[in-house]
Every structure is written in structure tokens, then in C-alpha cells.
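One structure is given here, and the rest of the page talks about it.
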Amino acid sequence: MNFLEILYYLPAILIGITFHEYAHALAADKLGDYTPRLEGRLTLNPIKHIDIIGFIALLIFHFGWAKPVPVNIYNLRNPPRDMIIIAFAGPLSNIIIAFISFVLLKFLSDSEVLKFLLSSTITINIFLFAFNLIPLPPLDGWRILSGFFPNLMFNRNLEIYGFIALLFIIFFLKGLISSYLFFVYSLTIGIFKIIVP
């Protein structure tokens, strides 16, 4: 996406990021860690979830990030299991938002502006779902994997090397990332069409 396209997609991006981070915060709160609540992250106010550097990087480099939701694993009743739930809550929220937008687009799409907002919300949220499930730090896929293998959670070397690998893939293997994202997009839309003919 170029700069203008990002501006066009900005409402959908803000919707996706906000619900993604809110879902992490809500899951942590329900599982006994009130850190996100105390940090003001249990909200649908997008300003609370925006990382200014990540947002600027999004506009300049077309790759950005939100402010991570703080979680204290020592407040969780079952840290490995609960971290899986908390980590998956974000991507799950994106797929739910994409599905709701798909249904609305199918039945409530009289306005061209509304059509664009809904279709862009579908695309962005499926992309957020797919991208965040890549099992490399600091993405949710890594947190989910760490829940199954708790030793990974505290292995800083793996986190550093994994993050470097992620940056390498993003900046030097964009075609691979794009192919993966569009594959998941096509598969998801196909499933949506089966659910809502």
C-alpha cells in the first residue's frame, strides 16, 4: 500500500488494532490479571492502543505496530494455558470483526462509502489475523507457541533471533508474506461464503 491507500484504509486499520488490543486486555482481565485495566487498556478508545512510533512507521514503511498490552503472568491462575487464551484473543477478535463486516456488506451495502469501509475492514482484519499468528516474536503466534512450550516464554535469545527473522521476512521477503496473507484471505472468504451463502 502507498501513503494514500493507507489513509483510505486508516479507519479499518484503527478498528482492527483497537479491537485486537482490547481483546487481549479483556482476556487477561477475565483470567485474573488486572494489569491492562490499571494501565487503561481495557477500552475501545484507539488512542490508548496506538504506539506513536509504530503508527509513524506504518505511514512511512507500510509496516507498523500497536502498543502491546501489558500482562503479568504471575497474576494468572494457569500461566501457560491463560497465555494461549490471551494471545489468541487478539487474532480471534479480528476474524470476528471480519465476519461481522462480511455479513453487513452482504445485506447492508447501499452506500459506496459504507461498502468501501466494510470491504476494507474485512481485508485488514483478516490480514491482522493471519499476520499475528506467525509464530515469531513479538507476534501472538509466538505467545501461543510459548504457552504450549513454557520454556520458550523465558528464552530471550530465541525471542531476539525470532524478532530479527521476522524483520528479515518483512523487509526482504515481502512476496512470501503477501502470498501467505492472500492465501489466508482467500481461504477465510471462502469459509465465510459457505457460512453465509
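Take residues that are more than 20 Å from T121 (Cα to Cα) and modelled with pLDDT under 95 and tell me which of the helices (runs of 4 or more DSSP H) falling wholly in region 2-105 contain 1 or more.
Of the helices (runs of 4 or more DSSP H) lying wholly inside region 2-105, those with at least 1 residues that are more than 20 Å from T121 (Cα to Cα) and modelled with pLDDT under 95 span 52-61.
Of all residues in region 162-197, which are closer than 19 Å to F99 by Cα and hydrophobic (A, V, I, L, M, F, W, C)?
L181, F182, F183, V184, L187, I189, I191, F192, I194, I195, V196
Is it the case, given these coordinates, that I177 is in a helix (DSSP H, G or I), under 16 Å from the mean Cα position of the chain (by Cα), modelled with pLDDT under 90 and surrounded by 13 or more Cβ atoms within 10 Å (Cβ to Cβ)?
No.
Give region 46-77 a look and list any residue that's surrounded by fewer than 15 Cβ atoms within 10 Å (Cβ to Cβ), touching a residue at least 40 places away in the same chain (Cβ under 8 Å) and over 16 Å from the mean Cα position of the chain (by Cα), or say none.
Those that are surrounded by fewer than 15 Cβ atoms within 10 Å (Cβ to Cβ), touching a residue at least 40 places away in the same chain (Cβ under 8 Å) and over 16 Å from the mean Cα position of the chain (by Cα): L59, N75, R77.
From the list L104, L133, L167, which residue is surrounded by fewer than 17 Cβ atoms within 10 Å (Cβ to Cβ) and touching a Leu at 6+ places or on another chain (Cβ under 8 Å)?
Of the residues listed, the single one that is surrounded by fewer than 17 Cβ atoms within 10 Å (Cβ to Cβ) and touching a Leu at 6+ places or on another chain (Cβ under 8 Å) is L104.
Please go through region 107-128 and give me each residue that is touching a Leu at 6+ places or on another chain (Cβ under 8 Å) and either aromatic (F, W, Y) or not in a helix (DSSP H, G or I) (or both), ordered by number.
L108, S109, F127
Only one of these is touching a Pro at 6+ places or on another chain (Cβ under 9 Å) and of a type in the set (K, R): R77, R41, R37. Name it.
Exactly one residue qualifies, and that residue is R41.
So I191 fits all but one of (1) assigned to a helix (DSSP H, G or I); (2) closer than 24 Å to G64 by Cβ; what number is the exception?
Here I191 meets the rest and fails (2).
Of P150, P197, which residue is closer than 17 Å to I122 by Cα, modelled with pLDDT under 90 and surrounded by fewer than 17 Cβ atoms within 10 Å (Cβ to Cβ)?
P197
With respect to the numbered conditions (1) modelled with pLDDT of 95 or more; (2) assigned to a loop (DSSP other than H, G, I, E, B); (3) of a type outside the set (D, E), which one is the sole condition not fulfilled by P138?
For P138, the failing item is (1).
Failed condition for P138, given (1) surrounded by fewer than 15 Cβ atoms within 10 Å (Cβ to Cβ); (2) free of Cβ contacts under 8 Å to residues at least 60 places away in the same chain; (3) closer than 20 Å to G64 by Cβ, with all others met?
(2)
Taking R143 as meeting all but one of (1) surrounded by fewer than 21 Cβ atoms within 10 Å (Cβ to Cβ); (2) of a type in the set (D, E, K, R); (3) closer than 24 Å to R81 by Cβ; (4) touching a residue at least 12 places away in the same chain (Cβ under 8 Å), write down the number of the exception.
(1)
The values are calculated or read from the model by the stated rules, or taken from the named source; none is laboratory data. Just so you know, these numbers come straight off a predicted model, no measurement behind them. Cβ sites come from the backbone with ideal geometry, for glycine too, and all protein chains shown count toward neighbours.
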